[in-house]
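Read through the structure below, which is laid out as structure tokens, and then see the notes.
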Amino acid sequence: MKSSRHALWLLVAWALAACSPPPPHQQQSYVFGTLVDVTVYGAPEAQASEATAAVLARFDALHRELHAWQPSALSRLNAALARGEPAAVSPELAAMLLDTRELSIRSQHLFNPAVGGLIALWGFHGDAPQGRVPDAAAITDRVEARPRMSDLVIANNTVTTSNRAVQLDLGGYAKGRALDDAVAILKAHGIANALVNIGGNVTALGARGDRPWRVGIQHPRQAGTLATLDLHDGEAIGTSGDYQRYFEVAGRRYSHLIDPRTGRPATGMQAVTVLFGGPRAGTLSDALSKPLFIGGAGQLAENAARLGVRNYLAVDATGETHVSPDLADRLR
């Protein structure tokens with residue numbers, strides 16, 4: 001009797017183990033100048049590992065293609081534009097430029113990847129900021145040149161412009177695009193549940209077992225989180241903050257988020273997080289957090305409505321928090 005009870009216990013234990021999902025598979029890397037984390041839930045180890053490796057390989061490829069100051073397809077394009085010459089680009093890069101141009105026009109050029117020259121002038125084209133305020137005349141010269149994405153002519157995978165001041169920096173777009181690519185790759189590998197985090201830009205696929213993926217939104221001035229949020233399948237959040245890449249001179253903070261109207265770092269916000277769901281959620285959450293940040297608190301609701309951003313959490317320069325009605329009930 002004792003041995004039959006023991007056998008029954010082993011059978012039940014085996015059955016429970018067989019029914020339980022595999023442990024989460026997690027892998028980290030360093031891409032786009034930040035920590036990347038991919039977590040896959042409920043898939044066999046071999047399948048999860050293969051899918052994660054494909055995602056990270058795609059991130060590496062995008063990083064090499066879109067690097068603004070190291071040799072890349074984008075830096076070669078910038079060199080040609082500065083010489084006033086047409087440049088042949090890949091169909092993929094041409095499509096990304098068309099996409100960023102449309103988003104820039106929608107934002108009334110507050111999201112403006114054409115101001116790479118200003119970003120470089122402020123010392124943010126490097127692994128660490130240079131920590132020096134540029135000459136005021138140099139800033140004015142670049143602002144008055146009015147580089148915009150609408151200056152680009154893109155046809156037959158060839159890019160031209162009559163404005164040689166256009167220098168492209170897709171840092172405000174690449175991470176979001178990478179999130180969307182990650183979702184497509186994971187689905188192609190049969191992954192139904194995953195969380196991808198690129199330095200605070202996060203997208204969710206499925207759920208973590210019987211509960212949603214819960215993510216934290218970083219406080220811009222304190223250690224820890226400002227709030228937590230459950231991400232549903234297909235949703236993504238993107239954050240623009242002055243705490244990510246910045247330097248200080250005489251007690252004043254200068255971040256990499258340049259206001260194209262002034263040529264200087266935007267000062268009206270500490271951080272803006274936006275949430276999107278559905279197709280291109282990663283791209284939209286990344287790119288459209290920029291015009292809300294640069295536009296400042298006074299134009300926050302107006303800019304959000306114009307851009308179709310229904311879910312946002314913003315901390316303005318004084319530390320006051322602004323939350324859209326649609327997002328308020330979901331924050332903890």
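Where a number appears in this text, it was derived from the coordinates with a stated rule and is not lab data. It should be emphasised that the depicted structure is a prediction, and the values quoted were computed from it without experimental measurement. Don't worry about glycine lacking a Cβ; one is built from the backbone with ideal geometry, like all the others, and counts go over all protein chains shown.
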Ranked output for segments 151-158, 273-280 by mean other Cβ atoms within 10 Å, highest leading, reads 273-280, 151-158
In region 60-142, which chymotrypsin sites (Phe, Trp or Tyr not before Pro) fall in coil by DSSP and have 11 or fewer other Cβ atoms within 10 Å? none
How long is the gain from Gln28 to Tyr243 if the chain were fully straight, where each residue apart is worth 0.36 nm and the alpha carbon distance is subtracted? 75.2 nm
Under a Cβ-only charge scheme (Lys and Arg +1, Asp and Glu -1), can you give me the dipole magnitude of region 145-258 about the Cα centre, in debye to the nearest 20? 340 debye
Among (i) 13; (ii) 21; (iii) 31, the entry derived from the coordinates for percent of Cα pairs over 37 Å apart: (ii)
Dipole of the chain, Cα-centred, from +1 at each Lys and Arg C-beta and -1 at each Asp and Glu C-beta, to the nearest 20 debye? 260 debye
Contour minus Cα-Cα span, Asn157 to Gln70, at 0.36 nm per residue, comes to 29.1 nm
For region 216-285 and region 53-115, what is the separation of their C-alpha centers, rounded to whole Å? 21 Å
For the chain, calculate the relative contact order in percent as a whole number, restricting contacts to Cα pairs under 8 Å that are 6 or more residues apart. 16 percent
Order of 89-97, 199-207, 261-269 by packing, highest average Cβ count within 10 Å first? 199-207, 261-269, 89-97
Residues of region 254-281 with amide N under 15 Å of the 7 Å Cα→Cβ point at Ala138: 263-265
Burial ranking of peptide ranges 247-260, 133-146 (average Cβ count within 10 Å, highest at the top): 247-260, 133-146
